[in-house]
Amino acid sequence: MPVWLREYSWRQTGAAVYLSLPVRGVRVTPANIFCTEQYLKVSIPPFLFEAILYAPIDDTNSTAKIGNGNVFFTLYKKEVGMWDSLTLANANKEKLQYLRENAVLKAHEKAKEETEAKKVTKQEHKKYALEATMKLEEAERKRIEDLKEKERQKVTKELELWKKQQEDAEKQKRVQKELHQEVEPLKVKKKEQMNKTSILNEGTSETRLKPTKGCPSSYNMFSENLKEEQLPAPRSAATIKINFTSRVFPTALRESRVAEEEEWLRKQAEARRTVSADLSELEDLKEEEKNPDWLKDKGNKMFATGNYLAAVNAYNLAVRLNNKLPLLYLNRAACHLKLRNLHKAIEDSSKALELLTPPVPDNENARVKAYVRRGTAFCQLELYTEGLQDYEAALKIDPKNKTIEKDAEKIRHLIQGTTQDS
Amino acid sequence: MSSAGLERPQLVAHVQQALSYTLFDCKWVPRSARLLCLGSAARGTGLLQLYELRGGRLVLLREIEKAKPLKCGTFGATSLQQRYLATGDFGGNLNIWNLEAPEIPVYSVKGHKEIINSIDGVGGLGIGEGAPEIVTGSRDGTVKVWDPRQKDTPVANMEPVQGESKRDCWTVAFGNAYNQEERVVCAGYDNGDIKLFDLKTMSLRWETNIKNGVCSLEFDRKDVNMNKLVATSLEGKFHVFDMRTQHPTKGFASVSEKVQKSTIWQVRHLPQNRDIFMTSGGAGSLHLWKYEYPAQRSKKDSEGAEMGVAGSVSLLQNVTLSTQPISSLDWSPDKKGLCVCGAFDQTVRVLIVTKLNKV
């Protein structure tokens, strides 16, 4: 239950009402005061003061002064006149209620309107600020443009001036040329006399280099000015042979198929490193015999001397040590071909080709050999179509190889021959 | 941008001319306000147009059509009176034309089996000493030096060893022509090789590889003792080599800059100041650079051999003119700061670079 404040004093003039409300012991803030046209309330819990005013007042202009334990209201009347009392006398409960609610609503509306007004002004301010900055920037830009334009014009003028100077210079030269032309025949005669007598040559070009006799004017103009020395004879022809920077793959950065090449290099590196299992059997081998490369070389030598079985043995051992080196299979395939173990040759060539992926320019040669060997094996088994396929694959890698071409042709004829027969 | 920024050289676009053919090269005609545009018409024939800069416009003076598209041209090997143009075309032919009578070439040879990518001339225009010579670099991997007085055979031929797979030669440049005997040709290839050939001793003097294809090479001056060489490449890098000191193993010292991601198509030094050069990029931009020499140009390395010290490069200005690569660039030898550039958007632009005196 609120404590009603009933002690108050008031006085009035024709236009205003002055109300003094003592509030001892409590602090009053503007939030505690609520005032509309006909309703005044001061609520400082638990204290409460409310008054339904006799007549409407102008609540926007009215003031309340808080201080000294007192709230002093200055309420300006809407209609000039003397009030009988501060509050409406016969105010029943319902009317009070109604008035209170009304007052609250009105206050709300007013608050809303105020916020709206504030928003609108804020927008306008923003817009104004934006326009102002835009104008400033525009001005700056224009200034720069103007400066640039001025430069341009200045420069254009200079250019024109220079051009004029050039033209004037040209004209001068032409005039001089004409003068010289008149003097020419005299000079030539003098020159001839001089040439007969003196060995020394002046540095003039007339008698020496210019073969054209039909245009004396062109070099005459400059005969006084230029001192042409004898041009050296054309250089003796020579050729310089050059090499281009070698890379692992000789392609420029933009052309390289780096991914594939990297893969190929990695495979090679791995292949070198693998040492296969069952070393137990190989313990009694010499150190060098465990090296696949050394074994490969041995095999190659034996192949060269014609000892194919021994070569095969060497390659077999190498493969046992490291089954990822394509060249081992390739060479073993060659041996098998010589030994007429055609199926084995095919097997080995196929294994070699498998290991020679991805296809990069580096392993071109190896791949050509593999295809050719496999093709030969097929043909010797009379599987000519497979053989032809392999030869054509080889030809695709190396189109310039004549022997492969010839062999492919032969096989084609054979195939056509057999199909005709059967 | 404050006014302090305007103290730097400005690249002012003076004139722009739209063309109806693909432009490969543009060159100033020495001692004149005329410029030459070389290219390929849509029909597959070569086109040569001569323009004059008049007022604020380019006026077409002559148009000459040839059988094969023209790729590159130079005035470097002719005298100032004659001003013959040497061109390389798509068919590998080297021709020298007299622009007054362009029907028959003054000199013609089928120098290469494939397109001549780049051409340079030395000994003419009153610059340098020695015989006028022309060097051409072609897609067939060879670099050949020609003397207009000798028909049909080159006076020097730099070709790959038998059996070596060939790399396209993309650019060539003359240098070191300070007296009658000395001369050097530098060639850049598409795999990043740069090779320096000494024509006096007919040998390979230096080679290096800059990893990316070399688009353009230029010595800062052809007619002095080799001073600097700028090499530009794909992927936006260029290298400046200090050519005064050659180390026996390390070669020449260099400094490199990366500009943008796009290819740097051309580099051209300002004829009036050899420390300023302009690079043109694949994104249609031009960059103006200044090279600063180091305090000491050479120093001794650990074994006591002389080694060069590269300086530094600073960007003076840049401008983007087009969306297509600017493939050709030429400074006017007569007016400082006047330059022409041709881009693949079929326009030729004349630019003026201001404030070069204050740099």
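The values are calculated or read from the model by the stated rules, or taken from the named source; none is laboratory data. Keep in mind that this is a model prediction, so the values were computed, not measured. Reconstructed Cβ throughout: ideal geometry from the backbone, glycine too, with neighbour counts over all protein chains shown. When the accessible area is computed, the model is the full protein with side chains, heavy atoms only, and any ligands, DNA or RNA have been set aside. Shrake-Rupley method; radii C 1.70, N 1.55, O 1.52, S 1.80 Å.
Taking strands (runs of 3 or more DSSP E) as the structural unit, those lying wholly within the range B:1-64 and holding at least 2 residues that are within 14 Å of chain A (Cβ to nearest Cβ) and surrounded by 14 or more Cβ atoms within 10 Å (Cβ to Cβ) correspond to B:11-18, B:34-40, B:46-54.
For the range A:36-54, what are the residues that are within 19 Å of A:Tyr76 (Cα to Cα), touching a Phe, Trp or Tyr at 6+ places or on another chain (Cβ under 8 Å) and open to solvent by 20 Å² or more (accessible area, probe 1.4 Å)? Selection gives A:Lys41, A:Glu50, A:Tyr54. For the range A:333-360, a residue qualifies if it is within 20 Å of A:Ile404 (Cα to Cα) and open to solvent by 60 Å² or more (accessible area, probe 1.4 Å), and the qualifying residues are A:Lys338, A:Pro359. For the range B:70-84, the count of residues that are more than 14 Å from chain A (Cβ to nearest Cβ), in contact with a strand residue (DSSP E or B) (Cβ under 7 Å, 6 or more places away or on another chain), under 23 Å from A:Glu170 (Cβ atoms) and surrounded by 19 or more Cβ atoms within 10 Å (Cβ to Cβ) is nonzero.
Annotation note: Cβ proximity below 8 Å between a residue of the range B:94-115 that is at pLDDT 90 or above and a residue that is among the acidic types (Asp, Glu) (sequence gap 6+ or interchain) occurs for B:Asn95/B:Asp89; B:Val109/B:Asp152; B:His112/B:Asp140; B:Lys113/B:Asp140; B:Glu114/B:Asp140; B:Ile115/B:Asp89. Of all the numbered requirements in (1) open to solvent by 100 Å² or more (accessible area, probe 1.4 Å); (2) in contact with a Gly (Cβ under 7 Å, 6 or more places away or on another chain), A:Leu130 misses one, and that requirement is (2).
Taking B:Thr245 as the residue in question, decide whether it is among the hydroxyl-bearing types (Ser, Thr, Tyr), open to solvent by 30 Å² or more (accessible area, probe 1.4 Å) and more than 21 Å from B:Gly342 (Cα to Cα). Judged against the criteria, B:Thr245 is not a match. In the range A:378-422, how many are open to solvent by 50 Å² or more (accessible area, probe 1.4 Å) and either over 56 Å from the mean Cα position of the chain (by Cα) or of a type in the set (A, V, I, L, M) (or both)? Total meeting the criteria: 12. For the condition within 21 Å of the chain's Cα centre (by Cα) and surrounded by 16 or more Cβ atoms within 10 Å (Cβ to Cβ), B:Met278 qualifies. Counting only residues that are over 19 Å from B:Leu204 (Cβ atoms) and either open to solvent by 30 Å² or more (accessible area, probe 1.4 Å) or at the interface with chain A (Cβ under 10 Å from one of its Cβ atoms) (or both), the range B:126-153 holds 16 of them.
Scanning for something under 25 Å from A:Lys150 (Cα atoms) and within 14 Å of chain A (Cβ to nearest Cβ), does the range B:278-300 turn up at least one residue? No.
From the list B:Trp170, B:Trp97, which one is open to solvent by 10 Å² or more (accessible area, probe 1.4 Å), within 21 Å of B:Ser40 (Cβ to Cβ) and within 12 Å of chain A (Cβ to nearest Cβ)? Being open to solvent by 10 Å² or more (accessible area, probe 1.4 Å), within 21 Å of B:Ser40 (Cβ to Cβ) and within 12 Å of chain A (Cβ to nearest Cβ) holds for just one of B:Trp170, B:Trp97, which is B:Trp170. The set of residues in the range B:188-204 that are open to solvent by 10 Å² or more (accessible area, probe 1.4 Å) and either closer than 20 Å to B:Ser216 by Cβ or assigned to a loop (DSSP other than H, G, I, E, B) (or both) comprises B:Asn191, B:Lys200, B:Thr201, B:Met202. Residues of the range B:298-315 that are under 25 Å from the mean Cα position of the chain (by Cα), open to solvent by 40 Å² or more (accessible area, probe 1.4 Å) and not polar (S, T, N, Q): B:Leu315 alone. Tally time: how many residues in the range A:9-35 are of a type in the set (Gly, Ala, Ser), in a strand (DSSP E or B) and open to solvent by less than 40 Å² (accessible area, probe 1.4 Å)? Within the range A:9-35, residues that are of a type in the set (Gly, Ala, Ser), in a strand (DSSP E or B) and open to solvent by less than 40 Å² (accessible area, probe 1.4 Å) number 2.
For every residue, the table says whether it meets (1) within 14 Å of chain B (Cβ to nearest Cβ); (2) modelled with pLDDT of 95 or more; (3) surrounded by 10 or more Cβ atoms within 10 Å (Cβ to Cβ).
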{"site": "A:Ala89", "(1), (2), (3)": "no, no, no"}
{"site": "A:Glu94", "(1), (2), (3)": "no, no, no"}
{"site": "A:Tyr98", "(1), (2), (3)": "no, no, yes"}
{"site": "A:Glu145", "(1), (2), (3)": "yes, no, yes"}
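Residues are listed down the side, and each one gets a yes or a no for (1) within 13 Å of chain A (Cβ to nearest Cβ); (2) of a type in the set (A, V, I, L, M); (3) on the phi < 0 side of the Ramachandran plot:
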| residue | (1), (2), (3) |
| --- | --- |
| B:Phe197 | yes, no, yes |
| B:Glu207 | yes, no, yes |
| B:Val214 | yes, yes, yes |
| B:Val224 | no, yes, yes |
| B:Glu235 | yes, no, no |
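The set of residues from the range B:173-186 being of a type outside the set (S, T, N, Q) and either facing another protein chain (nearest Cβ under 9 Å) or part of a loop (DSSP other than H, G, I, E, B) (or both) comprises B:Ala177, B:Tyr178, B:Glu181, B:Glu182, B:Arg183. No other residue among A:Lys135, A:Lys154 is surrounded by 10 or more Cβ atoms within 10 Å (Cβ to Cβ) and either within 13 Å of chain B (Cβ to nearest Cβ) or of a type in the set (Val, Ile, Thr) (or both) apart from A:Lys154. Report yes if B:Ala187 is among the hydrophobic types (A, V, I, L, M, F, W, C), at pLDDT below 90 and either within 19 Å of B:Val313 (Cα to Cα) or in contact with a Lys or Arg (Cβ under 7 Å, 6 or more places away or on another chain) (or both), otherwise no. No. Of everything listed in (1) at the interface with another protein chain (Cβ under 9 Å from one of its Cβ atoms); (2) in contact with a Pro (Cβ under 7 Å, 6 or more places away or on another chain); (3) open to solvent by less than 10 Å² (accessible area, probe 1.4 Å), the single unmet condition for B:Ala156 is (2).
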